[in-house]
1. Can you tell me which of 202, 240, 249, 227 is closer than 30 Å to residue 324 by Cβ, touching a strand residue (DSSP E or B) at 6+ places or on another chain (Cβ under 9 Å) and in contact (Cβ under 8 Å) with a residue 24 or more places away in the chain?
2. Checking residue 420 against (1) buried (at least 21 other Cβ atoms within 10 Å of the Cβ); (2) under 26 Å from residue 263 (Cα atoms); (3) in contact with a strand residue (DSSP E or B) (Cβ under 8 Å, 6 or more places away or on another chain), only one condition comes out false. Which one?
3. Which condition does residue 113 not pass, out of (1) within 22 Å of the chain's Cα centre (by Cα); (2) within 21 Å of residue 458 (Cβ to Cβ); (3) surrounded by fewer than 13 Cβ atoms within 10 Å (Cβ to Cβ), if it passes all the others?
4. So is residue 426 in contact (Cβ under 8 Å) with a residue 12 or more places away in the chain, over 22 Å from the mean Cα position of the chain (by Cα) and under 14 Å from residue 288 (Cα atoms) or not?
5. Checking residue 136 against (1) under 19 Å from residue 56 (Cβ atoms); (2) free of Cβ contacts under 8 Å to residues at least 60 places away in the same chain, only one condition comes out false. Which one?
6. In the list 125, 138, 169, which residue meets the criterion of being closer than 27 Å to residue 53 by Cβ, in contact with a helix residue (DSSP H, G or I) (Cβ under 6 Å, 6 or more places away or on another chain) and at pLDDT below 95?
7. Does residue 250 satisfy being farther than 22 Å from residue 368 by Cβ, out of contact with any helix residue (DSSP H, G or I) (no Cβ under 6 Å at 6 or more places or on another chain) and assigned by TED's automatic domain parsing to the domain that holds residue 375?
8. So, in segment 194-213, exactly how many residues are surrounded by fewer than 18 Cβ atoms within 10 Å (Cβ to Cβ) and under 30 Å from residue 134 (Cβ atoms)?
């Protein structure tokens with residue numbers, strides 16, 4: 001039978017047997033419906049694409065944006081440490097994508113007074129870069145409400161640009177708008193929680209205690225310094241118990257006797273300042289961070305590491321959360337020590353006791369007590385977190401301030417980085433060595449406590 005005869009026979013069969021024809025049509029419709037449903041299910045159900053399937057491009061772009069906003073502001077955003085922004089941003093990012101990380105869980109029930117987070121709709125897919133973009137945009141607006149109109153426009157532009165890219169790249173069935181709504185709701189919950197941490201009282205009126213060896217505000221061209229963050233020490237820790245065992249060695253008793261430990265401690269700072277190498281001077285100025293990012297420098301360092309590792313979105317979210325949480329609690333622990341000891345800065349001892357009246361540090365001494373060093377504390381915390389994730393003997397080049405023409409800083413491990421950052425404060429003439437070494441230890445202890453307490457992975 002040739003093809004024409006076959007077609008004639010099939011037409012005759014269908015015409016002669018309408019029920020058979022109907023069954024053929026029904027079978028064809030059923031098969032098409034099943035295929036269509038399978039396609040829809042693939043798009044809509046079971047969170048088909050996990051967070052690990054995506055790059056960290058969205059994270060890096062928002063890191064750059066926050067650094068831009070920090071550079072345009074004072075080193076202390078709203079009169080508060082920049083680490084606070086780092087911490088809450090990391091948490092918001094993590095919570096906005098963790099539903100796409102099957103082995104991981106929300107930090108609800110683990111962080112201090114942390115509210116229950118919004119939940120995704122069961123059975124529906126989410127586009128995790130879209131959720132992250134929405135969360136990072138919302139949390140950035142919340143923490144930089146007074147930035148310039150140009151910067152606000154830049155924030156809007158970044159969010160919209162990324163959303164347009166996502167809309168062109170994914171089928172709407174994947175749920176971009178659903179993802180955006182979820183990310184925004186996460187950010188709002190995190191920011192509402194942040195507003196209850198006590199930070200609004202960090203700079204309440206404060207009268208420094210008076211006595212030998214105690215910190216006192218320096219007189220500047222604009223008048224006496226105002227103590228920065230005297231009550232930051234009372235801020236709510238992100239992780240209850242993170243400061244357990246984070247003790248520091250006692251300072252030497254104040255003395256003007258040349259044979260005393262206090263005298264030797266101060267004279268070392270002066271002696272170092274008189275024999276600085278060009279490399280030491282460069283290191284001291286590098287961590288001045290003004291002009292620059294203040295404590296936001298650590299966001300830049302984290303970004304450099306994540307880019308070097310070509311980290312996926314889930315890895316970046318996890319690292320951002322861990323590092324941010326550790327920095328916030330380490331900073332609070334540092335400020336507790338600072339305002340418990342109220343120890344004088346080297347500049348007054350060197351001028352008034354050692355007698356070097358014309359001596360000056362590499363840059364202006366910050367307006368808070370010496371013991372312990374804040375930068376050293378934060379660097380110690382970062383060293384523990386980053387080493388736990390990326391290993392020992394990690395080589396890193398810090399080129400954060402290339403835009404200022406400063407030479408890059410090179411490290412052979414994260415602990416080497418923390419040690420060098422501590423030394424930079426002695427080179428600068430603004431801290432004693434013990435303030436840096438003990439700060440480093442406290443930061444490490446707080447970070448290790450946090451890693452021991454928090455359970456990011458499901459058991």
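The values are calculated or read from the model by the stated rules, or taken from the named source; none is laboratory data. Quick caveat, the model's predicted, so the values are computed rather than measured. No Cβ is skipped: glycine too gets one built from the backbone with ideal geometry, and neighbour counts run over all protein chains shown.
1. Result of the check over 202, 240, 249, 227: 202.
2. Condition not satisfied by residue 420: (1).
3. Unmet condition: (2).
4. Criteria met by residue 426.
5. Here residue 136 meets the rest and fails (2).
6. Exactly one of 125, 138, 169 is closer than 27 Å to residue 53 by Cβ, in contact with a helix residue (DSSP H, G or I) (Cβ under 6 Å, 6 or more places away or on another chain) and at pLDDT below 95, namely 125.
7. no
8. Number satisfying all stated conditions: 4.
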